[in-house]
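Here the structure is laid out as structure tokens; the discussion comes afterwards.
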Amino acid sequence: MMLWIQNPSEVITCHANQPKSGSAMQDIGRLTGVEILIRNGLIEAIAPRIDLEAKYDLAHAKVLDAEGRAVLPGFIDSHTHLVWGGERAEEFSWRLSGMDYMEIMNRGGGIAATVEKTRAASEDELIEAAGKRLDSMLRMGVTTVEAKSGYGLNLETEIKQLQAAEELNQIHPVDLVHTYMGAHDIPKGMEKEAYIASILQDLTGIREKTKAEFFDVFCEKNVFEIEDTQKLLEAANRHGFKLKLHADEIVPLGGAELAVSMGATSADHLLKVTDDGVRALAEGGTIATLLPGTAFSLQTDYAPARRLIEAGCSVALASDLNPGSCHSESIPLIIALSCLQMGMTIEEVITALTINAAAAVNRLDTIGSLAAGKQADLILLDAPSYFQLIYHLGVNSVKTVVKKGRVVYQRDY
Ligand SMILES: [Zn+2]
């Protein structure tokens, strides 16, 4: 089964064997005069047509005419809380009227509301709601999504959330990466120490009953402090989980440094990262994942993207899609905020949504760039140049999505 993508104006490969850091983030591997041949879901070759015709029998290849459009790797959303029950639409208006988080909690909002609804929802209800979110992401060119649990805060519901995501991974074209995040908050009516003990005990059950690959902690003052987080990460590490961390979002506790010292795959948020944290990230192998949609939604300062990039960190961008602090999976919004509010170049943003995001979900070998042997996850824009992604501000520029060599979405306008 071969798919031959003809006549692209340019192919943005984003290819590198390592995630791109510092000044290298500008190099997105722009090729012109090439076409793409896909075989059995993998990229077979990217080469001029004359070379493809000389080397392959293309008589039976299916043709996708790009008609002068730009081709890029599919986007990877490496930080989402995809699966949850209920919604908190009204709460947003409370926030706009000036209520603080404590008042919102007292009115029955906040994460506790989502925990309650998620516990009450059936697995099918969770699958249906999260499936719609995935449909929306796919239309914006997202081909792989990391999905965290963390709205159950008990073993039974955490497993239900993870299994809902696993079922979606079977039935939806978008690939999912599974993260167990029981350490998202401390459940109502429970002491922190007791809850940490229960998470440590649940690790075996999560390992046996789910495909969770990552373990994530909300490391924050008055939630899971540095010592708590370290204890949790060490235990998760012993159980074979790879690590992620919500780090230095509200108070600079040293989450970035801890993430690096524990060999975490990514440290996420980083709004308040210190100079020591930036240095640790630049020297270590941990990806710095920035979530500008959350800062925008909460009207806080943004993460210091330029400081991180100039220090030589590898930066990824993600949506943080969740029912409270950032109810948005919008890739056009992330691109706009990253360029116009965080001072990133469009090339850095593309790198952060592709190759570096692949590194943030430990998938560098298979996705995140266009090169022979990689999975054929790619997008065609509705324009000849990748500049369209920022130029058409806040609007979806994705025309066609190819996943594992199959056209899974095509916009006909
Ligand atoms: Zn998050």
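None of the figures in this text is laboratory data; all of them are computed from the coordinates on show. It should be emphasised that the depicted structure is a prediction, and the values quoted were computed from it without experimental measurement. Glycine also receives a Cβ, built like all others from the backbone with ideal geometry; neighbour counts cover every protein chain displayed.
Computed on the range 75-360, the Cα convex hull volume stands at 114 Å³ per residue.
Ratio of Rg to Rh for the range 323-402: 0.98 [Cα atoms; Kirkwood radius as inverse mean 1/r over pairs].
Computed per residue of the chain from DSSP H runs no shorter than four, each worth -39500 (n - 2.57), the mean residue ellipticity at 222 nm is -10500 deg cm²/dmol.
The aspartates and glutamates within cross-link reach of Lys404, meaning a Cα-to-Cα straight distance under 14 Å and a gap of 8 or more places when in the same chain, are Glu44, Asp175, Asp377. Among Val177, Val142, Val223, the residue with the largest mean-square fluctuation in a Gaussian network model of the chain, with springs joining Cα atoms closer than 10 Å, is Val223. With angles folded into 0 to 90 degrees, how steeply does helix 226-238 sit against the dominant principal axis of the chain? Use alpha carbons for both and round to 10. Long axis of 226-238 versus the principal axis of the chain: about 60 degrees. Rounded to the nearest 10 degrees, the angle from helix 155-171 to the longest Cα principal axis of the chain is 10 degrees. Within the range 272-335, the percentage of alpha carbon pairs spaced more than 18 angstrom apart rounds to 38%. From least to most packed, judged by other beta carbons within 10 angstrom and beginning with the fewest, Glu146, Glu220, Glu53 follow the order Glu53, Glu220, Glu146. Relative to the longest principal axis of the Cα atoms of the chain, helix 331-340 runs at roughly 90 degrees.
Here the label points at Lys55 and Asn237, each 7 Å from Cα along the C-beta direction, are separated by 4.2 nm in the simple model.
Projection of the Cα convex hull of the range 13-109, averaged over all directions and equal to a quarter of that hull's surface, yields 12.4 nm².
Of Glu193, Glu87, the sequence from fewest to most neighbouring Cβ atoms within 10 angstrom is Glu193, Glu87.
When the alpha carbon gyration tensor of the range 67-143 is reduced to an equivalent ellipsoid, its three semi-axes come out at 32, 18, 10 angstrom, largest first. Residue exposure proxy: Asp135, Asp268, ordered by other Cβ atoms within 10 angstrom of their Cβ from fewest to most, comes out as Asp135, Asp268. The orientation-averaged projected area of the convex hull spanned by the Cα atoms of the range 267-376 comes to 7.0 nm².
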